[in-house]
Number of protein chains: 2
Amino acid sequence: MGELRESKKRETRQRISDVATALFFERGFDAVTIDDVAAAAKVSKPTVFNYFARKEDLFLDRQDDVRVLLREALGGKAKGEAPVDALRRLVDRLHHEKHPFARIDGETVGWWRVVAASPSLQARLREIGDEAVEALAGELAGPKVDGAARLAAGMFVLTWRTAYGEAIRVFERTASAKKASTAFLALIDRGFAAARALD
Amino acid sequence: MGELRESKKRETRQRISDVATALFFERGFDAVTIDDVAAAAKVSKPTVFNYFARKEDLFLDRQDDVRVLLREALGGKAKGEAPVDALRRLVDRLHHEKHPFARIDGETVGWWRVVAASPSLQARLREIGDEAVEALAGELAGPKVDGAARLAAGMFVLTWRTAYGEAIRVFERTASAKKASTAFLALIDRGFAAARALD
DNA sequence: CTTGAAACTTATACTAGGTCAAAAATTGTC
DNA sequence: GACAATTTTTGACCTAGTATAAGTTTCAAG
């Protein structure tokens, strides 16, 4: 059944990803070329693109997680529970689990510095955000997604993005993960309160 | 003092823009190369980039308008008037003036179709949106922009974008500019109501 | 009207992301 | 071990965007 084949592919993919990430942290995203990555991972350029559709995906390969988390948060919510409450619980859960999406510390900030220095990574992040909005709108409204659902979904994603960005800023200013967390959750609450006012 | 020079530049810039827009409508954004544009406008490729920093700017050259409109709406607001009210008045004004930012008709939809078919135009549009958020946050909060201001600004931009997108969808479905307008204003009101709940 | 400086445009060449087709190597199955 | 399927590679190609240096046009001053 192609076990060896599968594991080799996983290995190759992983090697490319690891090598690329290391290079990006070292030199910055834009200063590293695909040829650099390919050479360091000992594969050819087309092979890199065989595993990662865009250069940005070498650094941002958590997009699928977003969809999964949203779905399981909304799918697993108690009957009658408002979506906004289920999402609020998701934030708390991820925050307690120190999930990188909901927690700022030295590591996340290192990651963010790479992003902040690269316009194309930021562009890709915006794109992922919009995809998340569409996915979330689908979860919220079922098959018939309308403007109201998109607006609600947009508010969650916007709130998350804004809270995350603010937390980074606070961390960089104060070097305190605690203060960053507080700022993060405060903005989350603010945004979610506004989202509640939508209906 | 260089009158002829100035007018020639204006002319060249305009010619490039017109020629490019026509080509984009004709063949789609991605199917037209900068070389095509340069040849059709009878200039060289570097000259095109001399006037437009990116290819996308050949089609989206209203970014400055956004900043100007926001500034004059918030600058000219009556003392004591809430920013949200001033922005709401801006929407109404643009809508009545049939400004493309706030009105959907056959022409806007033609423009939108070009955008919808091009990932890079959509990416640039997202970027412009984020720039608008930063600018608006600055207008709202003065020199010290904080997370709350960014969240508020983000909500306005999100609401506008979402309302605009929904209006396009309605127009394409019903072919009625009136229904599109109604959908647009309904979502604007919805989003602005939520934004009011922020404080 | 000439001349020299400044601004604009050009040709040319280059970098880098990304794609494509076909050859070559590797693995799975008979 | 031979044949089929899949992966990888090679190498060529396209396009956006940039740098450089040379050519052209406009301007202002003599």
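The helices (runs of 4 or more DSSP H) falling completely within region A:83-199 that include 1 or more residues that are over 19 Å from the mean Cα position of the chain (by Cα) and either away from every other protein chain (no Cβ under 14 Å) or not charged (D, E, K, R) (or both) map to A:83-96, A:119-141, A:147-174, A:177-196.
Scanning region B:1-34 for residues that are of a type in the set (D, E, K, R), within 11 Å of DNA strand C (Cβ to nearest atom) and over 20 Å from B:R124 (Cβ atoms) yields a total of 7. Scan region B:13-27 for residues that are within 11 Å of DNA strand D (Cβ to nearest atom) and either in contact with a Ser or Thr (Cβ under 9 Å, 6 or more places away or on another chain) or at pLDDT below 90 (or both) and the total you get is 1. Scoring B:V43 on the criteria (1) in a helix (DSSP H, G or I); (2) surrounded by 12 or more Cβ atoms within 10 Å (Cβ to Cβ); (3) within 11 Å of DNA strand C (Cβ to nearest atom) leaves a single failure, condition (1). Of all residue pairs spaced 6 or more apart or on separate chains, those with beta-carbon atoms under 8 Å, a first member in region B:5-19 that is away from chain A (no Cβ under 14 Å) and a second member that is at pLDDT below 90 and more than 12 Å from DNA strand D (Cβ to nearest atom) are B:S17/B:D61. Take the conditions (1) out of contact with any Ser or Thr (no Cβ under 7 Å at 6 or more places or on another chain); (2) of a type in the set (A, V, I, L, M, F, W, C); (3) surrounded by 17 or more Cβ atoms within 10 Å (Cβ to Cβ); A:A175 misses just one of them, which is (3). Restricting B:V48, B:V32 to those that are of a type in the set (V, I, T), more than 28 Å from A:D130 (Cα to Cα) and outside the structural domain of B:A137 (by TED's automatic domain parsing) reduces the list to B:V48.
The values are calculated or read from the model by the stated rules, or taken from the named source; none is laboratory data. Everything quoted here is computed from the prediction, not taken from an experiment. Neighbour counts run over all protein chains shown; Cβ positions are idealised from the backbone, glycine included.
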